[in-house]
């Protein structure tokens, strides 16, 4: 073995092209070690990346990336890819401010031809690259790598259904890391995969087809189906063949030699799209990940030797856990309460609900559109469905929210986790837009929790709403440490609350920035300015009486929300305009997320940059009052 690790000699994939299979095996081992060590320092998604180390090495060895287009679905598994594509020196900046993204990102590298973070987009994007290539008369390869979980989304099948009519050269790698399609593979299946992807078999198949063409149609069809189903009996490929793909597999995704041989074969197939079924083990090669229930899907910093994660003790329960616990309380009292999630049972806290009520919990896979309409059907059937979906993922089901829920006035309850900024996961996972896109829909009730006790009240409120749709949003992370009632009462619809009385300026908060608003009030008080702080609770319907009171009794009004332009602040402005209240010399500022996609960083840094921390709120209030000199003096102090 050479003194210099092979990984140290790989500056780009071009350095891998001349390596032997034995060298590639060694490189894969070193790449796995490097990935584990890097993520132990940064945290992030580990298990998926460990599962595709050998596949990553084989792909970059066989294909001429970046000329050949390689698209990773979701991006959870792309850390080894980043290490091999010139980013090893920055890999320990993953998910930190100014560092590498946790997902593929076009602006980051030419080896990331398409950004990914939401699942099931890779085949559609790859097909777009194929058609563009074909129209330009170019001859590069296009490869999409998609996981078995992402294949649960309809979009993947929509793309595959379209592919056979759109191009003859597309390679889809199905990374099956859950054994959900095929049983464990061995030598026979690897041999079969190499056989059916090889030129001799394909030539024989063509000859057989040409002979069959001479027979009457019934015999010709029988011959086609016999060949197809014979392969399907061994390899499970009949379904993909029906979609117009040439199926190869299943292949052991940790056998570099087999992967290289098969990929070289499928590289030469140019008469129809190809699907290569690769079976891998999530967390492969790192014992703590292999033993963990979630295969270390997402981790914080950890000890490489023991695998122990360095999780700080929580001072308050997470909003996610509070939601789940409150939903369980109501389900114990009402057997019509059911829960739906789209492949995120633990992320939404509904794994707790499932333990208590397994028959009333429905995980529909990565299929938000189906989740929404399924919930609508449940509501129409007399149940009380709670669709727990991250704000960013609910965007994927918006058409269904409009047509299947809102227009029909069905009482679906949307629990929108990860509202606002999410830190290291960046703009693809930020819950920035739900206030605006749901607020545009007639008949929706929209709430935002200021703390964990308020969230408990909002779950109770949603249970009680039976004449139309409702949604409540809450952030990632811990609550504010506010005691939670044993069983929270429902809120009066469209009614907010005064939290602190003042006189000069009114701060109207919608959501979990309330604590920062209270801190801002303290800062203003230290400057001799008295501030009222109110919790709106509802963005729709608005508390018109409360807003009118704040406008009449204060010189300035500041609205604060963890959302994009066109949300709560815009709703307040429209109300004031309609009521003629903007003509009274009112000084108003609407504090929202900036009109950009903010890059990943620590949440507190991102909120400070957005002007949504206490300092930003204080500065906005002083500026609105025309006391800029006071603000400048405060900053100097």
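The values are calculated or read from the model by the stated rules, or taken from the named source; none is laboratory data. For clarity, every value in this text was computed on a predicted model and none was experimentally measured. Here Cβ is always computed from backbone atoms with ideal geometry, including for glycine, and neighbour counts include all displayed protein chains.
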Those residues of region 105-129 that are part of a helix (DSSP H, G or I) and over 11 Å from residue 73 (Cα atoms) come to a total of 3
On the given criteria, is residue 509 under 28 Å from residue 522 (Cβ atoms) and surrounded by fewer than 24 Cβ atoms within 10 Å (Cβ to Cβ)?
no
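Based on what the data block shows, is residue 156 at pLDDT below 95, on the phi < 0 side of the Ramachandran plot, touching a helix residue (DSSP H, G or I) at 6+ places or on another chain (Cβ under 7 Å) and crowded, with 23+ Cβ neighbours inside 10 Å? Lay out the reasoning, then the answer.
Numbers: at pLDDT below 95: yes; on the phi < 0 side of the Ramachandran plot: yes; touching a helix residue (DSSP H, G or I) at 6+ places or on another chain (Cβ under 7 Å): yes; crowded, with 23+ Cβ neighbours inside 10 Å: yes.
The answer is yes for residue 156.
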Given the criterion at pLDDT below 95, touching a helix residue (DSSP H, G or I) at 6+ places or on another chain (Cβ under 6 Å) and crowded, with 19+ Cβ neighbours inside 10 Å, identify the matching residue among 340, 366.
366
Here is a list of conditions, (1) part of a loop (DSSP other than H, G, I, E, B); (2) in contact with a strand residue (DSSP E or B) (Cβ under 6 Å, 6 or more places away or on another chain), and residue 344 meets all of them except one; can you say which number that is?
(2)
Going by the structure shown, is residue 402 under 22 Å from the mean Cα position of the chain (by Cα) and within 26 Å of residue 608 (Cα to Cα)?
no
Quick one: residue 347 ticks every box in (1) buried (at least 18 other Cβ atoms within 10 Å of the Cβ); (2) at pLDDT 95 or above; (3) under 20 Å from the mean Cα position of the chain (by Cα) except a single one, so which number is it?
(2)
Scanning region 130-153 residue by residue, those surrounded by 21 or more Cβ atoms within 10 Å (Cβ to Cβ), assigned to a helix (DSSP H, G or I) and at pLDDT 95 or above turn out to be 130
Give the residue, chosen from 295, 301, that is more than 26 Å from residue 398 (Cβ to Cβ), in contact with a helix residue (DSSP H, G or I) (Cβ under 7 Å, 6 or more places away or on another chain) and crowded, with 18+ Cβ neighbours inside 10 Å.
295
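Output the residue which, of all residues in region 109-129 that are under 18 Å from residue 430 (Cβ atoms) and in contact with a helix residue (DSSP H, G or I) (Cβ under 8 Å, 6 or more places away or on another chain), is modelled with the highest pLDDT.
Residues of region 109-129 under 18 Å from residue 430 (Cβ atoms): 115-119, 121.
From what's left, in contact with a helix residue (DSSP H, G or I) (Cβ under 8 Å, 6 or more places away or on another chain): 116-119, 121.
Details: 116: 87, 117: 82, 118: 86, 119: 88, 121: 93.
The residue in question is 121.
Out of the residues in region 239-268 that are touching a strand residue (DSSP E or B) at 6+ places or on another chain (Cβ under 6 Å) and part of a loop (DSSP other than H, G, I, E, B), which is surrounded by the most Cβ atoms within 10 Å (Cβ to Cβ)?
Initial filter on region 239-268 (touching a strand residue (DSSP E or B) at 6+ places or on another chain (Cβ under 6 Å)): 240-241, 245-251, 253, 258, 262, 266.
Keeping just the survivors that are part of a loop (DSSP other than H, G, I, E, B) gives 245, 253.
Numbers: 245: 22, 253: 27.
My answer is 253.
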Please work out if residue 585 is at pLDDT 95 or above and at positive phi.
no
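Within region 394-427, which residues are assigned to a helix (DSSP H, G or I) and crowded, with 24+ Cβ neighbours inside 10 Å?
Initial filter on region 394-427 (assigned to a helix (DSSP H, G or I)): 394-406, 423-425.
Residues satisfying the conditions are 394, 401, 405.
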Quick check, is residue 480 under 27 Å from the mean Cα position of the chain (by Cα) and under 13 Å from residue 450 (Cβ atoms)?
yes
Inside region 433-444, the number of residues satisfying the requirement of being surrounded by fewer than 24 Cβ atoms within 10 Å (Cβ to Cβ) and touching a residue at least 24 places away in the same chain (Cβ under 8 Å) is 8
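Conditions (1) out of contact with any helix residue (DSSP H, G or I) (no Cβ under 6 Å at 6 or more places or on another chain); (2) surrounded by fewer than 23 Cβ atoms within 10 Å (Cβ to Cβ); (3) farther than 23 Å from residue 106 by Cβ, marked per residue:
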residue: 30; (1), (2), (3): no, yes, yes
residue: 43; (1), (2), (3): yes, yes, yes
residue: 48; (1), (2), (3): yes, no, no
residue: 51; (1), (2), (3): yes, no, yes
residue: 54; (1), (2), (3): no, no, yes
residue: 60; (1), (2), (3): no, no, no
residue: 68; (1), (2), (3): yes, yes, no
residue: 86; (1), (2), (3): yes, yes, no
residue: 89; (1), (2), (3): yes, yes, no
Residue 454 in a helix (DSSP H, G or I), touching a helix residue (DSSP H, G or I) at 6+ places or on another chain (Cβ under 9 Å), within 19 Å of residue 422 (Cα to Cα) and modelled with pLDDT of 95 or more
no
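Out of 475, 485, which single residue is crowded, with 16+ Cβ neighbours inside 10 Å and assigned to a loop (DSSP other than H, G, I, E, B)?
On the way: 485 fails: crowded, with 16+ Cβ neighbours inside 10 Å.
None of the others qualify; the one that does is 475.
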